[in-house]
Structures are given as C-alpha cells and as structure tokens.
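Just so it is clear, none of the values below were taken in a lab; they were calculated from the coordinates. Quick caveat, the model's predicted, so the values are computed rather than measured. Quick reminder, even Gly has a Cβ in these numbers, built from the backbone with ideal geometry, and neighbours come from all protein chains shown.
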Amino acid sequence: MITTVTLNPAIDKTYRIRELKCGRIHRVQQVTEAPGGKGINVAKVLHRLGQQVVATGLIGGYNGQRICHLLDEMHINHDFCRVSGESRLCLNMIDDQGVGTEVLEPGPAISPAEWKRMKDKCADLAKQSSFVVFSGSLPLGLDQSAYQQLVHLVQQSGAKAVLDTSGAAFRAALDACPFMVKPNLDEVRQILGANMLTREEIGQVIQEWHQHGVEWIAVSLGAEGAIVSRRDAGAWLAIPPQIEAVNPVGSGDSFVAGFVAGLAEHRSLEECIQWAVACGAANALEERAGEIVPDRIREFNPQVKLVRLSIT
Ligand SMILES: Nc1ncnc2c1ncn2[C@@H]1O[C@H](COP(=O)(O)OP(=O)(O)O)[C@@H](O)[C@H]1O
Ligand SMILES: O=P(O)(O)OC[C@H]1O[C@](O)(COP(=O)(O)O)[C@@H](O)[C@@H]1O
C-alpha cells in the first residue's frame with residue numbers, strides 16, 4: 001500500500017476567464033472543481049495507475065466533507081484526521097492565452113491535540129505501507145519541523161518517505177533523511193535563497209542532499225523535464241515530449257506519483273524516471289490536476305529522452 005499525506009488539502013477550483021486584469025470584474029466562462037492539495041493529487045494519479053493507495057491528512061468543515069465526497073466518487077480510499085477549522089479553497093484562473101494565476105488560501109489553524117492525532121494516524125498507516133508520500137504546504141499552527149517529525153516516525157516503521165514541499169519545512173525535513181525529495185527549480189532557488197542557479201550549482205546542492213542521506217533527488221523543470229539523481233548511481237536529465245499544455249497545475253504531483261508507482265513495482269531506475277516524466281506531461285494536457293489518462297502515459301513513455309549528466 002502507498003499512503004499520501006496532505007496536511008493542507010484543498011478544493012481546487014479552476015476558472016476559465018477571457019482576460020485577467022487587476023481591479024476589474026471578471027465573468028467566469030467555465031468552472032471546474034476537484035479534490036486537491038498536492039498529496040491528494042498524488043493519490044488520484046496513483047489510483048489511476050492501479051496502485052493501492054490511502055489518502056490521509058488533516059481535513060475540516062464543509063470543504064473537508066466535500067473533498068471526502070469527491071474522493072468517494074473517484075473510489076479513492078481515504079482516512080483523514082478531522083479538525084475543527086475549515087479546509088481551504090485554491091483558485092487557478094486561466095486566461096484565453098493559457099496563462100494561469102493561482103490564489104491559494106492558507107488553510108485552517110491546527111491545534112496541538114489535532115497534530116498529535118495526525119502523528120498517531122501516520123504511524124499506524126506507515127506500518128501497512130511501502131511508501132508514504134508527504135506533499136504540499138503546512139497549515140497554520142504547525143511548526144516547520146512538522147514534516148521532519150513525520151518523516152522520522154514513518155521511516156522508523158520501515159516505510160520509505162517521499163517529500164515534496166518547500167522552504168523551511170523542506171530544510172528541516174532533510175535532517176530526517178527522506179528516501180526521496182522532489183522540489184521544483186523555483187523551490188530549490190527559494191530553499192537556497194538564490195535568484196539564478198547554474199547546472200553546476202544544482203549539482204552541488206544535489207550532492208549535499210545525498211550526503212545528508214537522501215537516496216533519490218528529482219528537481220523538476222516544468223516543460224524542460226527534470227534532473228533526477230540517485231545516490232551512488234549518478235544523475236540524468238529527463239526530457240519530456242513536446243506538448244501543448246492545457247493546465248500544468250498538478251504536474252509535479254503526477255511526476256511524484258509516476259515515480260513512486262515505478263518504485264513500488266520494482267521497475268528499473270530508467271523506467272521510474274520515464275514514468276514520472278510521462279505522468280507529469282500527461283497531467284499538463286488535462287483541465288483538472290491529477291486526472292491523467294493512462295493511455296497517454298503509455299504513449300509518452302518511449303518519447304521521454306534520458307541524458308546522462310556528470311554533475312554528481
Ligand atoms: N508543459 C509541459 N510539457 C511537458 N511536460 C511537462 C510540462 N509541464 C510539466 N511537465 C512534466 O511534469 C514534471 C513536473 O512539472 P513541474 O512544473 O516542474 O512541477 P511542479 O508542478 O511541482 O512545479 C516536469 O518535470 C515535466 O516532466
Ligand atoms: O499545498 P500548497 O503548496 O499550498 O499547494 C496547493 C496547490 O498545489 C497543487 O497541488 C498543485 O501543485 P503542483 O502544480 O506544484 O503540482 C494544487 O492542487 C493546489 O491548489
């Protein structure tokens with residue numbers, strides 16, 4: 001079983017708008033709604049790929065009920081901790097040019113008692129899981145060490161922790177040596193406090209994280225693909241097929257899902273990378289985040305190019 005942990009789930013609303021202008025009234029052409037937050041997107045893609053998955057996290061209020069209902073409709077198993085606050089809405093407004101503007105609510109405030117229940121649930125689910133995937137931002141009230149605590153707890157029980165978050169929460173969690181991390185390039189820049197990064201500088205930071213004990217590192221680069229590195233095995237640049245993206249929100253989550261599905265099926269290192277990149281590209285072709293078409297992955301898989309890098 002694979003567990004996905006979303007500490008800050010959301011209802012993802014996508015608005016199609018002709019033109020977005022600050023200070024103006026906008027009439028929405030089309031609205032779509034989906035259960036979201038990064039870990040929930042990962043769960044949706046894993047489910048599509050035929051993996052046994054449970055989505056957990058902290059969920060509350062009417063939006064929380066709605067997220068559970070939407071997951072039930074998709075036949076995705078979930079086991080969330082209820083909290084007293086209201087789960088958030090995340091808006092993605094896409095204009096006629098295909099440019100997306102995201103507005104992400106902060107999410108509810110979490111009490112110490114609610115956090116304790118989350119840790120207990122994570123420990124229980126980890127005992128039944130081969131992989132536990134942690135994705136997304138932290139809701140209010142949680143310490144930046146939240147992922148560090150969960151990664152430590154999960155890996156003590158023998159499951160492998162995969163982490164996709166940003167900022168101080170990411171830096172703190174490195175101390176717990178997650179099995180895999182997947183920041184995008186902007187997140188790496190933010191973590192290092194750097195505006196620009198050369199390929200060599202990315203290589204240096206990958207080395208540093210491997211030395212910390214992280215086995216797999218993927219730095220995703222949007223339409224340019226990803227740099228993927230495995231400790232003691234070297235690094236690759238994975239280049240996706242060229243596509244006309246519809247909505248790339250959730251491509252990072254789809255990448256993580258494809259990668260973990262490959263690992264769970266004991267696929268080769270190259271196959272895991274190709275699956276991840278194919279899933280990211282397949283997601284970018286869909287209106288809704290995390291709703292990939294499996295046939296597309298089969299189509300894209302052989303089109304993903306792998307180039308050996310000498311950065312590590
Ligand atoms: N426009 C695109 N065309 C092809 N592949 C894409 C596109 N956008 C994303 N991908 C694939 O999805 C992966 C994750 O996307 P990225 O935007 O880097 O992640 P995040 O959503 O975390 O910012 C990329 O590494 C790439 O393989
Ligand atoms: O938890 P965060 O970091 O606030 O992000 C939430 C948003 O991220 C998403 O999961 C999309 O993430 P990616 O585009 O980075 O894959 C949306 O579904 C959601 O609205």
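Using alpha-carbon positions, what is the distance between the centroids of segment 199-234 and segment 125-154, in Å? Using only Cα atoms, the two centres lie 21 Å from each other.
DSSP beta bridges fully contained in segment 2-309 are about 45 percent antiparallel. The HN-Hα couplings worked out from phi for segment 202-214 by the Karplus form 6.51 cos²θ - 1.76 cosθ + 1.60 (θ = phi - 60°) are 5, x, 5, 5, 4, 4, 4, 5, 4, 4, 5, x, 6 Hz, whole numbers, x standing for Gly and Pro. Residues whose amide H falls under 5 Å from that of Phe131, counting only those 5 or more places apart or on a different chain, are Thr3, Lys160, with hydrogens built in the peptide plane.
Under the rule that an exposed site lies in a DSSP loop and has at most 12 other Cβ atoms within 10 Å, name the longest stretch of the chain with no GluC sites (Glu not before Pro) of that kind, not counting the sites themselves. Spell out each step's value before the answer.
Values: sites that count: Glu19, Glu244.
The reported range is 20-243.
Less than 17 Å from a label point 7 Å out along the Cα-to-Cβ axis of Leu192: which backbone N atoms in segment 230-269 qualify, by residue? Label zone hits: 230, 235-237.
Cβ crowding within 10 Å, taken as a proxy for footprinting-reagent exposure, orders Met196, Met180, Met74 from fewest neighbours to most as Met196, Met74, Met180.
Rg then Dmax, both in Å and based on the Cα atoms of the chain: 18.4, 55. Taking 24 Å as the limit for the C-alpha separation, the pairs Lys38/Lys160; Lys13/Lys121; Lys38/Lys116; Lys13/Lys38; Lys160/Lys305 exceed it in the case of Lys13/Lys121; Lys160/Lys305. Amide H to amide H, with H built 1.01 Å from N, Val83 comes under 5 Å of Ile59, Gly60, Gly61, counting only residues 5 or more places away or on other chains. Counting other Cβ atoms within 10 Å as a rough exposure proxy, the listed residues Leu142, Leu104, Leu46 run Leu104, Leu142, Leu46 from fewest neighbours to most.
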